[in-house]
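Visitor: Got a structure here, written out as structure tokens. Questions coming.
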Amino acid sequence: MKPMTAPLSRRRLLFAGTASLVIAACSGGSRSAAAEAETSDSDPYADSEWRKVTEAEWKERLDPKAFAVLRKEDTERAFTSPLEHEKRAGTYHCAGCDLPLFSSETKFDSGTGWPSFWKPLPGAMGTKGDHKLFYTRTEYHCARCLGHQGHVFNDGPAPTGQRWCNNGVALTFRPA
């Protein structure tokens, strides 16, 4: 019997186009402002105990989804995090080591399906180039435990123009 291949239908074409738009929306634009993200020449957390935690210990401490994001640089599915809709005053912390990363005062609704902020707390993040797609993005991570948080883009609101697009499973929220 000959295998059947599905013809390219309008529905499949629209689905592929929509998926491409979602990826583009989450991937942002140019790198210039994002590359200027807060990074430090000296690493105040270089000797932190959090840097000595083994992969096996991280697996024990974190639920599987948080482990995949924080330690394997995975991305959670869009529109699945309850933190996307969190509106209370407070602070967002790293789900790995509990370092405060963002103030609720800098949170905004980006429409991308992930919690988004226009500025992290001072000294909370480190950045690096991410070459997993067909262009370079700026990945950011917790400065203390190096847990992957998300990507920063240049399509955010004033005053910074940045969108720090964060995986919700990589955060915990502490109300004020």
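The values are calculated or read from the model by the stated rules, or taken from the named source; none is laboratory data. Since the model is a prediction, treat every value here as computed from it, not as a measurement. Surface areas here come from the heavy atoms of the whole protein model, side chains and all, with no ligands, DNA or RNA. Shrake-Rupley method; radii C 1.70, N 1.55, O 1.52, S 1.80 Å.
Visitor: Can you work out the Karplus-derived ³J(HN,Hα) for every residue in region 86-92? Use 6.51 cos²θ - 1.76 cosθ + 1.60 with θ = phi - 60°, whole Hz, and x for glycine or proline.
Guide: Couplings: 5, 10, 6, 6, x, 10, 9 Hz.
Visitor: With a 1.4 Å probe and every protein chain left in place, tell me how much accessible area Val169 has, in Å² to the nearest 10.
Guide: About 40 Å², rounded to the nearest 10.
Visitor: Check Leu121: other-chain or 5+ apart residues with amide H under 5 Å from its amide H, H built from backbone geometry?
Guide: Those qualifying (amide H under 5 Å, at least 5 residues apart or on another chain) are Phe102, Ser103.
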